[in-house]
Amino acid sequence: MKTFCGRANPTTGAMEWLEEDEDYDYHQEIARSRYADMLHDKDRNVKYYQGIRAAVSRVKERGEKAIVLDIGTGTGLLSMMAASAGADFCYAIEVFKPMANAAVKIVEKNGFSDKIKVINKHSTEVTVGPDGDMQCRANILVTELFDTELIGEGALPTYEHAHEHLVQEGCEAVPHRATVYVQLAESKRMWSWNKLFPVRVEAEDGEKVIVSPSEMENCPGVPSVCDIQLNQMPSSDFTILSDVVVMFSVDFSKPVRSASAYYRVQLEPVKSGKAQIVLSWWDMDMDPSGKINCTMAPYWVKPTSAFQWRDHWMQCVYFLPNEEPVFQGENVYLTAYRDEYSVWYKLQKAREEENKADVRVDSPVCRCQAHLLWNRPRFGELNDQNRTRQYINSLTKVLKTDSVCLCISDGSLLPVLAHYLGAKQVFTLENSAVSCSVMGKDLWRIRSPCGSCEGFDVRTMDDMIKNSLNFRESKEAEPHPLWEYPCKSLSDPQEVLIFDFRRTVPQHCLSTEGSVNLLRKGKSHGAVLWMEYHLTADISVSTGLMQISNDKGNCEWNPHCKQAVYFFSSVIESETLTDLPSAVTYAIHFDTKTGEITMDFKLL
Ligand code: SAH
């Protein structure tokens, strides 16, 4: 047996379907997938249901049979909605075998087996005809194949093929249309995720400023989407420079073209500033009238509408190739380019001749290799001046004129800092070819003096996820950037394991057990683990909490790092402090040979 598993190609950003063997461990895939998050998205579900009911009625009013094609059925949810809305028959296509199996069970359990046929294929393999997978072409096309960037999961080629081969002309589509919106912004914080800022070093012989090589400064970065919870970004961290404008839209009820295209809009800056990034999101109209709308707009766009928390659809940040000063009232032109799977942007001052040569702007491909070496949070971390200062101060304390340094870490700035702080000699061990080339080239220049610095039963699926979560004997924590998630700490931080880098690595496992007292009432969802690096006796940097939470348990998380989150298998709520649980016990094991950490937590 073979199983198809989706993978984003890290270089092109395109989704690819890989065939995996039977013994492939797809449990991780299910356990960490966003299926459950989609099903918890009430706003999405309600609007799909309304849109599907409206589409089925329109077809019925024309006196036709309602034949539904549901591409990417997942749990079978949208097909079951269609069947309960009165559809005559549904073809539910699902490429991911474990999910297709679950859909068959869920459809059966809900009593729709005679109305819904689950087909475990990629939609482009589906056949139509008397002996085919589908008896005839469908007249209602239902899908939910969208990611935060809208097209990143391959919606366009799938729709293109479906209109050519699987649905009738003039079919109804739910959603009917999707629209992509943009807003121009300046943000030092977000810009720091894509460019390396100059680093100031106070050396014995005066201040030096280390700047990245021009190759890196002019590099467009990588095409993979930068999706974040924009609503969690403090408003002081960015400045909006334009109104919200429509960039492009796709009508799913008509033939769709996936071939590369571009869209250009004129923008009038509402403020002068440095245009650095494009903030973007989309919405979808579930029916042609536009009355059933599901939007990913951030809070400042529609402050009155009820806010739906979602993790499967967030907002996008696009980095312009270079920062560009714009002036209030002086129009600029923003162009969105897209291929089948990704979108990128360019800003121009004047309307350029619309010749064809201009249209073919290639998708951003990293030329400097640094964007392959460092991901966006790592760029942000390297640009964090407070953090760098801690390292500089610590290095200054320990470095002597005869110091010989060995740095064991891919793509760290430490060897560069040690060199400029006056070490006699610096060796850096770069494990990967990419990091070796970034660090090894004649990249690091000094510039002085300083420059500038910047309703259906889907339990089958729940069980499946739970099963996948329990599948691994050893329980693991998952990495999550907690600054993007509203959360409250119920206990004070507690030291669990110490790694002493001045000693040799112990031969045996490092194990620890203990308990953490809960100080505040609330829901215990999980435990968070992070590292605190002690650089010297009195200088340390934290990859987790930046300071101890206040009485209310508000948390300030390191904005550049992901934290390890261990989810408890059930949520325990304590309304009063005398209620149980009042403590959580833990057992953590670190295998010094493999570097693996396993852990278990229990609520007392
Ligand atoms: N329709 C469900 C699940 C949506 S998730 C719901 O709304 O809750 C999208 C699903 O589509 C995934 O399970 C993925 O495996 C599947 N998929 C994506 N592209 C596909 C294609 N072209 N053919 C078949 N399945 C596809």
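Observations on the structure shown:
- Out-of-range pairs (alpha-carbon distance over 24 Å; input K47/K562; K188/K208; K400/K593): K47/K562; K400/K593
- Ellipticity estimate at 222 nm from DSSP helix runs (n ≥ 4, -39,500 (n - 2.57)) divided over the chain, nearest 500: -6000 deg cm²/dmol
- Counting every other Cβ atom within 10 Å of each residue's Cβ, S113, S242 order from fewest to most as S113, S242.
- Cβ crowding within 10 Å, taken as a proxy for footprinting-reagent exposure, orders E215, E153 from fewest neighbours to most as E215, E153.
- Distance between region 384-431 and region 34-110 - C-alpha centres, whole angstrom: 58 Å
- Label-point separation, Q328 to E268 (7 Å along Cα→Cβ), nm: 1.3 nm
- Using a simple spin-label model with pseudo-atoms 7 Å out from Cα toward Cβ, M531 and K109 lie 4.1 nm apart.
- Prolate/oblate/rounded call for the chain, Cα gyration tensor, a/c under 1.5 rounded: oblate
- Footprinting exposure proxy ranking of R520, R338, R53, fewest other C-beta atoms within 10 angstrom first, gives R520, R53, R338.
Each value in this text was obtained by applying a stated rule to the coordinates, not by laboratory testing. Just so it is clear, the structure is predicted and the values come from calculations on it, not from any experiment. So basically every Cβ, Gly included, is an ideal-geometry build from the backbone, and we count neighbours across all protein chains shown.
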